[in-house]
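What follows draws every value from the coordinates through simple rules; no lab data is involved. Because the structure is predicted, anything quoted here is derived from the model rather than measured. Quick reminder, even Gly has a Cβ in these numbers, built from the backbone with ideal geometry, and neighbours come from all protein chains shown.
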2 protein chains.
Amino acid sequence: MKQTDHMSSIEMSSVSRRPGRPRGGHLDIGPDVILDAAERVIRRDGASASIDAVAAEAGITKPIVYARVGSRAELANALADRLASRMVTATRESMAGRTFTRESLADFMKANLVTVLDHRELFLYVTGGSTDQTALSRLSLAERSATPLARALERWRDGVGRDPGVAGTWAYAMVGMLQMVSLWVIDDTSPDPGSVADHLAELLWWGLAGERSSG
Amino acid sequence: MKQTDHMSSIEMSSVSRRPGRPRGGHLDIGPDVILDAAERVIRRDGASASIDAVAAEAGITKPIVYARVGSRAELANALADRLASRMVTATRESMAGRTFTRESLADFMKANLVTVLDHRELFLYVTGGSTDQTALSRLSLAERSATPLARALERWRDGVGRDPGVAGTWAYAMVGMLQMVSLWVIDDTSPDPGSVADHLAELLWWGLAGERSSG
DNA sequence: CGGGGAAAGTTACCATGAGTAAGATAAGCA
DNA sequence: TGCTTATCTTACTCATGGTAACTTTCCCCG
């Protein structure tokens, strides 16, 4: 990517506040305000949003972002938490009070995909590493979704009298699968989310349920 | 990550060659030599290897890397091709002349995981985006594996008289699943690759095969 | 043969962005 | 009232992707 075409780097440092400690002792800006600002910037500028841009959007300066939220990796982590909890909410709603069937599995997948589509750029920011400690970062993000899922799978497998030892692998597998398919759906070269969700359910259901004669 | 602890940034610019066109007309350094050098650097310095480091390792300078291979994204792409073809080789060996069974599926998965383990840092480099056009980049990497897989699945599903329309989704799903699980295995918080591969086969086999009574 | 592009390198540079040190101002306590 | 401390902004450093400018050799044409 050429760096000389910077059509979007106006980014006036619009912090209209004097240096030094502010009147009142401290700014009334917590991590949440910054994270909200970060989400707005990411939605507007895409996944390459810089810390400076986030700070400007929040009406503060970079060091405050570091003081309140931490490094870029920690910012991504915090945003990942938010996105994950929104996914949980969305999927919980779509599953509320239903028994676990092939149909509800498909709806679960679809709810996930639709939520990601609703947070395109945030998803890309959060799943796109920063080249460096990306390994642990990406994994810990996945862990956020995989661990609860693994617990649920474990309990369920235990309940139906089947080996719960597969739960960990299955959880990471499902999270990875959803992430990749989300990317594919975002890119718009895939069928519609409904079909994709149905295909995923078709692939997973029979293995998950473990209802079979041989094996 | 603190930038001031640079214990590994000695990186003497050891290109002991005069400026200007070299005797003999041109350097005898093709893309392959550079890619080999890149792999060595990545193995040594991890996924954060810089273009300068790659150039130094190859005994040339940065602009030559750009002339021969292209931007960082294109470098990652080329390395992805290599890794992908190595995976194909490894898996083909492990599947040679066998029929498609649950056992061979597990072995396929295991061969994948083991190959990734054998290329830890390269895998992380190649799957870890560069913050920017990461979206398309990551997807095109996945595409490299997903497209052939989709073709195979399509033919096979067609052959056994079942809907081949699921092939695309399944291919991306399986690639994403393997990527995430590989990350988990690399991080060493997972069971051994053999068990993980077996769990994956257990999850996928019944859905893939599509041999069931209800459905 | 000799000279002037064209080709093919290296060096030196620019832009950007993460992260931090240094400077400025207000609070708060003795 | 003055000194210390807390909390900001400004101004910097450093690493890195990417490119422009300079340098040397080839090679072809007269």
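List of remarks:
- Ranked from shortest, the separations from the 7 Å Cα-to-Cβ label point of B:Arg162 to its equivalents in the other copies are 1.5 nm.
- Each of the peptides A:200-207, A:44-51, B:174-181, A:187-194 was scored by the mean count of other Cβ atoms within 10 Å over its residues; in descending order, highest first, they stand as B:174-181, A:200-207, A:44-51, A:187-194.
- Label point 7 Å beyond Cα of A:Thr189 along Cβ direction - residues of segment B:96-128 with amide nitrogen under 19 Å: B:126-128
- Euclidean distance between Cα centres, segment A:40-92 to segment B:151-175, Å: 38 Å
- Expected 222 nm ellipticity per residue - DSSP helices of 4 or more, -39500 (n - 2.57), all of chain A, to 500: -22000 deg cm²/dmol
- Ellipsoid semi-axes for the protein assembly as shown, based on the Cα gyration tensor and the rule √(5λ), read 39, 32, 18 Å when sorted largest first.
- Label geometry 7 Å along the beta-carbon vector: B:Ile64 inter-copy distances in nm: 5.0
- Normalising the average separation of contacting C-alpha pairs (under 8 angstrom, six or more residues apart) by the number of residues puts the relative contact order of segment A:79-162 at 32 percent.
- Reduced Cα scattering model of segment B:11-118, Debye log10 I(q)/I(0), q = 0.10, 0.13, 0.23 Å⁻¹: -0.41, -0.60, -1.19
- Histogram of C-alpha separations across chain A, 10 Å bin width, %: 7, 28, 29, 19, 11, 5, 1, 0
- Residue-averaged beta-carbon neighbours from other chains (10 angstrom radius) around B:184-195: 3
- Across peptide B:42-55, the mean count of Cβ atoms from other chains lying within 10 Å of each residue's own Cβ comes to 1.
- Cα long-axis angle, helix A:102-118 against chain A (0 to 90 degrees, to the nearest 10): 10 degrees
- Helix B:31-45 vs. chain B, principal-axis angle (Cα, 0 to 90°, nearest 10): 80 degrees
- With respect to chain B, whose longest principal axis is taken over its alpha-carbon atoms, helix B:167-186 is tilted by about 60°.
- Highest-MSF residue in chain A out of A:Thr89, A:Thr99, A:Thr147 [GNM, Cα springs under 10 Å]: A:Thr99
- Distances in nm from B:Glu93 to the matching label points in the other copies, shortest first (labels 7 Å along Cα to Cβ): 5.1
- Pairs of alpha carbons in segment A:18-78 whose separation is greater than 14 Å (percent): 51 percent
- Taking θ as phi - 60° and the Karplus parameters 6.51, -1.76 and 1.60, the scalar couplings of segment A:188-200 work out to 6, 9, 9, x, 5, x, x, 5, 4, 4, 5, 4, 4 Hz in sequence order, x denoting glycine and proline.
- Sorted from greatest to least, the principal axis extents spanned by the alpha carbons of segment B:86-151 come out as 42, 27, 17 Å.
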